[in-house]
Amino acid sequence: MTVVGRAERLVTDEDEFARLTEPFRRELTVHCYRMSGSAQDAKDLVQEAYLRAWRGFRDFAGRSSVRVWLYRIATNVCLTALARRRRDLPAGLGAPGGDTWRPPPLAGPEVAWVTPFAGGVAGEGEDPAAVVAGRGSVRLALVAALQHLPATQRAVLLLRDVLGWRASEVADLLDTSTDAVHSLLARARERLRRAEPDEDSLREPPPGQAQRRLLDGYARAFADADVDGLLKVLRADVALEMPPHLSWFAGRDTVGEFLTRVVFPALGRTRLEAVTVNGGPGFAVYHGEIPHAVQAVTVTGQGIARIVSFNDPALFTTFNLSRGSHV
């Protein structure tokens, strides 16, 4: 009888735990993604956070809201994990390259890349780029910039400026003083300001119809290897990054030369499928019917300002993309 009673209580606890915590899984995954810069790491970190939460569920006793409790656990899980190494995009590793005649070198295992996030990143209904930067929206650029902050500063900035926690709540989570939180936040804001893309890249995107025309023109020109058509929709200072390749290129003419000499001859027949990357526009690029890359595209009123082409076919599984069938 006792064994049965324990089993019944366990089932009841599991049901109650799932009912209370599962509604927050998506936004916690978003939070861990902002902290870690990796969609896969974010899933793993949330899984660890939920395991810790389950272990402490009986002691929770409603001392705070479930949401706050879970964020405390997830943030501490992230802080422990992020002591290891920083993730980057190519532009964060050095100046743009100038050799447009050959494929750029691949990074070694010592480089950890920021990875894209399928769909929208704003799990709480707020766009972190709009909240933190206060202007425009370059979601992937913001996530990459956050990786340049020490982990504790990153946590303070996200909890205060994105999630809207009070300084006293953040101090309690980090076991520090409110004065220390204010100091960490000020340093994080300043470092983020220096690490962000330049002001022009954070302008509001054009109205929906104009943005659609730019994206359609880009997709059509890229699929047709039409460099002249592509140059018409690129901004003069456009940047092209291609992790896991180390080098990146800046400027419409340089990007056009690289695409003409290296990319289009290697790709051959290409098709693009529109996808949502980090809450913004992007494309799945197929080499014939073979998955090639997931691209995040930043659109401004002056044209396409940034293309980050994640040349990793494994991402097609993450994005639930087709593996060869036409859309």
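The values are calculated or read from the model by the stated rules, or taken from the named source; none is laboratory data. Keep in mind it's a predicted model, so treat the numbers as computed, not measured. Don't worry about glycine lacking a Cβ; one is built from the backbone with ideal geometry, like all the others, and counts go over all protein chains shown. Accessible surface is based on the protein model in full, side chains and every heavy atom, while ligands, DNA and RNA are left aside. Shrake-Rupley method; radii C 1.70, N 1.55, O 1.52, S 1.80 Å.
Scan region 299-317 and tell me whether some residue there is in contact with a strand residue (DSSP E or B) (Cβ under 7 Å, 6 or more places away or on another chain), assigned to a loop (DSSP other than H, G, I, E, B), surrounded by 19 or more Cβ atoms within 10 Å (Cβ to Cβ) and at negative phi.
Within region 299-317, none of the residues are in contact with a strand residue (DSSP E or B) (Cβ under 7 Å, 6 or more places away or on another chain), assigned to a loop (DSSP other than H, G, I, E, B), surrounded by 19 or more Cβ atoms within 10 Å (Cβ to Cβ) and at negative phi.
May I ask you to verify whether ALA250 is touching a Ser or Thr at 6+ places or on another chain (Cβ under 7 Å), under 24 Å from LEU106 (Cα atoms) and not acidic (Asp, Glu)?
Spelling it out, it is not the case that ALA250 is touching a Ser or Thr at 6+ places or on another chain (Cβ under 7 Å), under 24 Å from LEU106 (Cα atoms) and not acidic (Asp, Glu).
Kindly provide the set of residues from region 59-80 that are crowded, with 18+ Cβ neighbours inside 10 Å, within 11 Å of PHE24 (Cβ to Cβ) and of a type in the set (Ser, Thr, Tyr), ordered by number.
TYR71
Contact list please: Cβ distance under 7 Å, first residue in region 64-88 and closer than 30 Å to LEU246 by Cα, second residue in a loop (DSSP other than H, G, I, E, B), pairs at least six apart or on different chains.
Note: pairs meeting the criteria are ARG86/GLN147; ARG87/GLY37; ARG87/SER38; ARG87/VAL114; ARG87/GLN147; ASP88/VAL111; ASP88/VAL114; ASP88/GLN147.
Go through GLY217, GLY134, GLY164, GLY229 for me and flag whichever is at pLDDT below 90 and over 27 Å from ASP41 (Cα atoms).
GLY134
For region 91-114, which residues satisfy the criterion of being crowded, with 16+ Cβ neighbours inside 10 Å and under 16 Å from SER38 (Cβ atoms)?
Within region 91-114, GLY92, ALA107, VAL111, ALA112, TRP113, VAL114 qualify.
Could you grab me the full set of residues in region 15-58 that are open to solvent by less than 60 Å² (accessible area, probe 1.4 Å) and among the acidic types (Asp, Glu)?
GLU27, ASP41
For region 205-231, which residues satisfy the criterion of being open to solvent by 40 Å² or more (accessible area, probe 1.4 Å) and either among the hydrophobic types (A, V, I, L, M, F, W, C) or out of contact with any strand residue (DSSP E or B) (no Cβ under 8 Å at 6 or more places or on another chain) (or both)?
PRO207, GLY208, GLN209, ARG212, ARG213, ASP216, ARG220, ASP224, ALA225, ASP226, ASP228, LEU231 - these are the residues of region 205-231 that are open to solvent by 40 Å² or more (accessible area, probe 1.4 Å) and either among the hydrophobic types (A, V, I, L, M, F, W, C) or out of contact with any strand residue (DSSP E or B) (no Cβ under 8 Å at 6 or more places or on another chain) (or both).
Of the residues that sit in region 261-279 and are touching a residue at least 60 places away in the same chain (Cβ under 8 Å) and open to solvent by 10 Å² or more (accessible area, probe 1.4 Å), which one is farthest from the chain's Cα centre (by Cα)?
ARG261
Restricting attention to region 298-319, report how many residues are within 17 Å of the chain's Cα centre (by Cα), farther than 16 Å from ALA266 by Cα and not aromatic (Phe, Trp, Tyr).
Within region 298-319, residues that are within 17 Å of the chain's Cα centre (by Cα), farther than 16 Å from ALA266 by Cα and not aromatic (Phe, Trp, Tyr) number 9.
Can you find a residue in region 117-128 that is open to solvent by 50 Å² or more (accessible area, probe 1.4 Å), modelled with pLDDT under 85 and under 24 Å from ALA296 (Cα atoms)?
Yes.
Count, please, the residues in region 243-260 that happen to be touching a Pro at 6+ places or on another chain (Cβ under 7 Å) and crowded, with 20+ Cβ neighbours inside 10 Å.
Residues flagged as touching a Pro at 6+ places or on another chain (Cβ under 7 Å) and crowded, with 20+ Cβ neighbours inside 10 Å within region 243-260 amount to 4.
Hey, does region 280-297 have a residue that's buried (at least 17 other Cβ atoms within 10 Å of the Cβ), farther than 23 Å from GLN40 by Cα and over 18 Å from the mean Cα position of the chain (by Cα)?
So far as region 280-297 goes, no, none of its residues is buried (at least 17 other Cβ atoms within 10 Å of the Cβ), farther than 23 Å from GLN40 by Cα and over 18 Å from the mean Cα position of the chain (by Cα).
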